[in-house]
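K.L.:
Attaching a single structure in structure tokens format; questions to follow.
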Amino acid sequence: MDKSVEFTVPERCYIDGAWVDSTSGDRFESIDPATEETLASVPKLGAAETHRAIEAAEKAFVDWRARPATERARLLRRFGELMGEHKEGLAHLLTREQGKPLSEARGEVDYAQSFLLWFAEEGLRLYGDVIPSHRKDARLLVLKQPVGVCGLITPWNFPYAMITRKLGAALAAGCTAVVKPAEQTPLCGLALARLAEEAGLPRGTVNVVTGEAKAIGKALMESESVRKVSFTGSTETGKLLIAQSAATVKKLSLELGGHAPFIVCADADIDAAVEGAMASKFRNSGQTCVCANRFYIHESLYDVFAEKFAAAVASLKVGNGLDAETHIGPLIDTAAVEKSQRHVEDARNKGATILSGKEHASLGRHFFPPTLLGDATDSMQIMYEETFGPVAPLLRFREEEEVAKLANDTPYGLAAYFYGRDIGRVLRLAEALDYGIVSVNSGVFSSERAPFGGVKHSGYGREGARVGIEEYANIKYVLLGGIAT
Ligand code: SIN
């Protein structure tokens, strides 16, 4: 490893401002998905240590909520600046632990940093209200107060950005947090704990616990002290958290699975649509909740689009993300490879043609070739299950109403994409698509300043943007009576 890009991460958890091991001494390994080499081992914490982290966060909350917003902003900004100062080291760590190509890893460090800097500013603008009164003797105030201790449960696909998108908002609002990074990417979570400490965040405001998802999740959900949980992950786990939240009436934000349609209308700019399709489908090797999962192409341009898309897919280089030429890194594990494989085989058995997709057997067990399927039909598994891999099925459509119906025919509602120029159709489709995010003539849309989140089984709550901080605030109505007139 080149020392100049090494970022040292303590191989311990961060609770109450101290680096700790599990009481049992149990540990688990972080594995490089490209080489299957062990990168490090980290503590396997359970319920007992999670309770300690919750207690630390509860204690720290008393002081943190009382600090001036400007002081919280200053510390958050410093946390963000440190991400920038360690950008290369953080990016290399991310590529090694998660697999994404280095150029994308650098992009994720910037993206993650943007949430800390954004919420440092938004925390200064968490305004309340003064309501025109209905009584002569009273004044009506609305205060926005931090919800309290937050449990932040994050996924492996964006192991920095999904933490900072939650943590930045929580800290800026005056909350404290217990962060549970995904089991596949604990080092990235601990790297952020190191920077939080270096930035001077008071002990207990940020706690990072690695270990068993079930035990830690249950401890967070059952705790009366944890007043909010924000989770990004599968719809299945999200539903479990909804059920578990009932006993303590916990506030939840859930960013769950997706099954994004990508529509190319008859008047679309084909080259731009191909470029957008590549960006949306193959970002992070197809492992994002907002990756296009099914492509509806107007019949008048299906053949040209398919040909150009196939050529672009064939030009993608698969390999270790540390190699500067790599476009597609490994998938996270063998289960992810098997799912992509199953979707391709099922589609082939049901009549799909392979327009692009060559084997890379020599690379290792976690690599899957970017694959383009032609002549897909609704009965194929890939048309209704989230793939989370680099496979793209193409279908033809004829009418606008028909395609809107097909696009909405899913329990999911996170992101949808379409390409077209007719202003009437653009507006009609943008309104008709039943999704939290609609991206028109663009394959990318994520930004710290825009609200991210879904509808239906894709969850509820919004992250980022002005509204992102509101998720961490309770609204209190104060009536001030007895005021002489
Ligand atoms: C996700 O896959 O959940 C996050 C993607 C993004 O923020 O763009």
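K.L.:
As I understand it, the dipole of the chain uses +1 on the Cβ of Lys and Arg and -1 on the Cβ of Asp and Glu, about the Cα centre. Which of Thr185, Gly211, Tyr296 lies farthest toward its positive end?
P.N.:
Result: Gly211, furthest along the dipole toward the positive end.
K.L.:
Where does helix 302-314 land angle-wise versus the long Cα axis of the chain, in degrees 0 to 90, nearest 10?
P.N.:
Long axis of 302-314 versus the principal axis of the chain: about 70 degrees.
K.L.:
Expressed as a whole percentage, what fraction of the accessible surface of the stretch 97-146 belongs to carbon and sulfur atoms when a 1.4 Å probe is rolled over the protein heavy atoms?
P.N.:
Looking at the stretch 97-146 in its full context, I get 56 percent from C and S.
K.L.:
Within straight cross-link reach of Lys350, meaning Cα distance under 17 Å, which aspartates and glutamates are found once same-chain residues fewer than 8 apart are removed?
P.N.:
Asp375, Asp378, Glu385
K.L.:
What per residue convex hull volume, in Å³, comes out for the stretch 196-300 when only alpha-carbon positions are used?
P.N.:
With only Cα atoms used, the stretch 196-300 gives 172 Å³ per residue.
K.L.:
Going highest first, how would you order 89-100, 341-352 by mean Cβ packing within 10 Å?
P.N.:
With the highest mean Cβ count within 10 Å placed first, the list reads 89-100, 341-352.
K.L.:
Ordered by packing density, taken as the mean number of other Cβ atoms within 10 Å over each peptide's residues, highest first, how do 103-110, 315-322 rank?
P.N.:
103-110, 315-322
K.L.:
Show His134, His457 ordered by accessible area, largest first, where the area counts protein heavy atoms only and the probe is 1.4 Å.
P.N.:
His134, His457
K.L.:
Give me the Debye-computed log₁₀ of I(q)/I(0) at q = 0.12 Å⁻¹ for the stretch 262-339, equal point scatterers on Cα only, no solvent, two decimals.
P.N.:
Scattering profile of the stretch 262-339, log10 relative to I(0): -0.39.
K.L.:
Please give the Cα centre distance for the stretch 403-438 versus the stretch 138-161, rounded to the nearest Å.
P.N.:
30
K.L.:
Hey, can you find the accessible area per residue of the stretch 271-417 for me, probe 1.4 Å, expressed in square angstrom?
P.N.:
Per residue, the stretch 271-417 has an accessible area of 40 Å².
K.L.:
If you don't mind, another one. Could you tell me how far the Cα centroid of the stretch 279-320 sits from the Cα centroid of the stretch 214-241, in Å?
P.N.:
What the calculation gives is 34 Å, centre to centre.
K.L.:
Could you look at the stretch 240-330 and say what percent of its accessible area is carbon and sulfur, using a 1.4 Å probe and all protein chains?
P.N.:
Values: 1680 of 2930 Å².
Its accessible area is 57 percent carbon and sulfur atoms.
K.L.:
Say the cut-off is 23 Å between C-alpha atoms; which of Lys87/Lys218; Lys308/Lys456; Lys59/Lys218; Lys44/Lys214; Lys308/Lys405; Lys100/Lys405 go over it?
P.N.:
Lys87/Lys218; Lys308/Lys456; Lys308/Lys405; Lys100/Lys405
K.L.:
Still on this structure: Less than 12 Å Cβ to Cβ from Asp26, Lys/Arg counted +1 and Asp/Glu -1: what total charge do the surrounding residues give? Each step should come with its number before you reach the end.
P.N.:
Details: positive: Arg27, Lys44; negative: Asp21, Glu29, Glu49, Glu212.
Result for the neighbourhood of Asp26: -2.
K.L.:
In debye to the nearest 20, how big a dipole does the chain give about its Cα centre with +1 on each Lys and Arg Cβ and -1 on each Asp and Glu Cβ?
P.N.:
The calculation lands at about 1760 debye.
K.L.:
Let me ask something additional. For the stretch 360-433, what % of the accessible area comes from carbon and sulfur atoms, probe 1.4 Å?
P.N.:
Within the stretch 360-433, the accessible surface is 50 percent carbon and sulfur.
K.L.:
Mind checking the per residue accessible area of the stretch 122-175 for me, 1.4 Å probe, whole number of Å²?
P.N.:
Counting only protein heavy atoms, the per-residue value for the stretch 122-175 is 34 Å².
K.L.:
Can you tell me the orientation of helix 69-85 relative to the chain, as the angle in degrees between its alpha-carbon axis and the longest Cα principal axis, to the nearest 10?
P.N.:
40
K.L.:
Please list the equivalent ellipsoid semi-axes of the chain, computed as the square roots of five times the alpha-carbon gyration tensor eigenvalues, in descending order and whole angstrom.
P.N.:
Ellipsoid half-lengths, sorted descending, are 39, 29, 19 Å.
K.L.:
If you take every residue apart from Leu76 with its C-beta less than 11 Å away from the C-beta of Leu76, what net charge results, scoring Lys and Arg +1 and Asp and Glu -1?
P.N.:
Combined, the nearby Lys, Arg, Asp and Glu give 0.
K.L.:
Additional query: Which percent of the Cα-Cα distances in the stretch 321-408 go past 17 Å? Don't skip to the end; give the middle numbers.
P.N.:
Numbers: 2001 of 3828 pairs.
Summing the P(r) tail past 17 Å for the stretch 321-408 gives 52 percent.
The values are calculated or read from the model by the stated rules, or taken from the named source; none is laboratory data. None of these values were measured; they are calculated from a predicted model. So basically every Cβ, Gly included, is an ideal-geometry build from the backbone, and we count neighbours across all protein chains shown. Quick note on the areas: whole protein, heavy atoms, side chains included, nothing else; ligands and nucleic acids left out. Shrake-Rupley method; radii C 1.70, N 1.55, O 1.52, S 1.80 Å.
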